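S.K.: Before I ask anything, let me first share the structure, which is written out below as structure tokens.
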Amino acid sequence: MAALNSRLQSEYGVQLSVRIGIHTGPVVVGKMGDSDHQENLAMGETPNLAARLQGLAETGAVLISDSTRRLLGELFDLDPLGAQNLKGIAEPVQVFSVRGERLVETRFAAGQGKALAALVGRDQELALLVDRWRKATAGEGQMVVLTGEAGIGKSRLVRALVDTLTGAQYLRISFQCSPYHTCPNAVSCTPEWQER
């Protein structure tokens, strides 16, 4: 925002003021209007609450509801603003101001927050990974590909492997997929380099 404002100010003498409100929930989307003038509109409590948060925000601020905060995990640093009474909303809403992105090792770690779920029923898979690690460190080249549906514990299994390697010297390269970032070859990736 600061870079955009600087450029707009220097080139056009214009300064942007932005306030953002975000709420997560169900939305009804539909066409409204007559045959001459139709618009696709998002309707319901979710966009209404987001608009109320936006109206509450100061210039340059991003405010989020508690439902959005729960989905973010530990990805962002937040300041709690307490329960707020918002026009048209029956109950007070817990509101948070977003300070910025939190620096975390991986999105998996950020999503887990402080408490990491126990690894359950993956002893055989973890043993296989540890065995491949031992073979690789003995000079026998190895590669393991973990695949499966989202949410079955692939990242948790990798974290368990990393936890077993405490004290070992290695270079770890992590790639995480994201629908919001794409590489030129159309494969989503964010590399993370860490020397251990």
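S.K.: Please verify whether segment 3-16 includes one or more residues that are without any contact (Cβ under 8 Å) to a residue 40 or more places away in the chain, within 30 Å of A117 (Cβ to Cβ), in contact with a helix residue (DSSP H, G or I) (Cβ under 7 Å, 6 or more places away or on another chain) and not in a strand (DSSP E or B).
M.R.: Step one: of segment 3-16, the residues without any contact (Cβ under 8 Å) to a residue 40 or more places away in the chain are 3-16.
Those left that are additionally within 30 Å of A117 (Cβ to Cβ): none.
Checked against the condition, which is being without any contact (Cβ under 8 Å) to a residue 40 or more places away in the chain, within 30 Å of A117 (Cβ to Cβ), in contact with a helix residue (DSSP H, G or I) (Cβ under 7 Å, 6 or more places away or on another chain) and not in a strand (DSSP E or B), segment 3-16 yields no hits at all.
S.K.: Among (1) surrounded by 10 or more Cβ atoms within 10 Å (Cβ to Cβ); (2) under 30 Å from R69 (Cα atoms), which single condition is M32 missing?
M.R.: (2)
S.K.: When you scan segment 7-50, how many residues do you find that are closer than 30 Å to V95 by Cα and not basic (K, R)? Show your work before the answer.
M.R.: Of segment 7-50, the ones closer than 30 Å to V95 by Cα are 15-30, 40-50.
Cutting the leftovers down to not basic (K, R) gives us 15-18, 20-30, 40-50.
Number satisfying all stated conditions: 26.
Rule-based calculations on the coordinates, nothing more; no lab input. These numbers were taken from a predicted model, which means no experiment stands behind them. Note: ideal-geometry Cβ built from the backbone for every residue, glycine included; neighbour counts use all protein chains shown.
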